[in-house]
Amino acid sequence: MGSGMDALLLRSLQSYVLDTFGAASWHEICRNAGQTAMTYEPMLRYEPGLADRVADLAALVLGRPVETIWEDVGTHLVTNPDSEGMRRLMRFGGLHFADFLHSLEELPGRARLALPDLDAPEISLDEVGPDRFELRCRSPLRATQRVLAGLVTAMADDYGVLCLIEVGADDRTTISILDRRHAKARAFDLAMPEH
């Protein structure tokens with residue numbers, strides 16, 4: 001059986017590349033990966049590690065470091081207007097950015113409620129000093145730590161917080177809050193906006 005995380009990451013990578021670089025770039029990446037289908041389905045299972053391999057090819061096609069691509073994918077998950085639901089889900093984590101950071105530990109469990117057989121990464125957070133946190137993301141996929149860092153970056157902007165995010169060589173990411181009121185936070189209400 002293949003990896004559910006690979007499926008979700010592949011679909012997220014597909015969405016990011018199509019929205020940012022266009023269909024021609026995505027088709028070239030898929031051809032280089034030897035994929036006949038140009039669409040990845042999040043409910044299907046793919047060969048373990050395929051997301052990391054496709055991202056390596058995307059880095060060659062797009063001329064960008066693979067780490068940057070995955071961080072941009074994480075940011076895109078929250079900032080893409082078509083995925084307002086993801087942003088809302090993240091904002092339910094707490095009133096303040098630090099509350100949100102603590103809620104990340106619950107993310108794998110929440111994901112498994114929707115997808116029971118998902119091989120979600122293990123996420124833990126330690127407060128290592130005043131306004132300084134260490135986020136650990138344990139996963140066999142290289143992508144997950146970088147995607148999580150991009151998601152945290154986007155959410156810091158959403159909360160109006162200025163922070164320094166440093167992704168380590170291991171599974172640790174350090175988050176230092178520099179200014180809790182750097183900018184005005186985006187509006188958020190528990191009730192869905194009416195259209």
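Every number here is computed from the coordinates shown, using simple stated rules; none is lab data. If you're wondering where the values come from, they're calculated on a predicted model, not measured in any experiment. For neighbour counting, all protein chains shown are included, and Cβ atoms are generated from backbone atoms with ideal geometry for every residue, glycine included.
For the reader, a short list of remarks on this structure follows.
- Nearest-ten-degree value, helix 143-159 long axis tilted from longest Cα axis of the chain: 40 degrees
- The stretch 78-179 shape via C-alpha gyration tensor axes, a/c threshold 1.5: oblate
- The stretch 113-137 and the stretch 20-75: distance between their alpha carbon centers, rounded to Å: 25 Å
- Look at the alpha carbon pairs under 8 Å that are at least 6 residues apart: their mean separation over the length of the stretch 34-125 gives a relative contact order of 13 percent.
- As a rough footprinting exposure proxy, the listed residues 43, 155 were ranked by other beta carbons within 10 Å of their own, and the order from fewest upward is 43, 155.
- Over the stretch 4-71, volume per residue of the alpha carbon convex hull, in Å³: 76 Å³
- Stokes-Einstein D in µm²/s, Kirkwood radius over Cα pairs - the chain at 20 °C with 1.002 mPa s viscosity: 123 µm²/s
- Environment charge at residue 64 (Cβ cut-off 13 Å; Lys +1, Arg +1, Asp -1, Glu -1): -3
- Across the chain, Cα pairs under 8 Å and at least six residues apart give a relative contact order of 18 percent.
- Amide proton proximity set for residue 163, modelled H, under 5 Å, gap of 5+: 178
- In the chain, taking the dipole from charged Cβ atoms about the Cα centre, the farthest positive-side position among 111, 32, 49 is held by 32.
- Local net charge near residue 21, Cβ-Cβ under 14 Å (Lys/Arg +1, Asp/Glu -1): -2
- Tilt relative to the chain, helix 23-32 - C-alpha long axis, 0 to 90 degrees, to 10: 60 degrees
- Positive contributions from Lys and Arg (+1) and negative ones from Asp and Glu (-1), summed over other residues with Cβ under 12 Å from the Cβ of residue 34, come out at +1.
- Average Cα contact separation per residue, the stretch 4-71, under 8 Å, 6 or more apart, as relative contact order %: 41 percent
- Burial ordering of 50, 18, 60, 10, fewest other beta-carbon atoms within 10 Å first: 60, 18, 50, 10
- Residue-averaged [θ]222 nm for the chain, counting only DSSP H segments that reach four residues, each worth -39500 (n - 2.57): -15000 deg cm²/dmol
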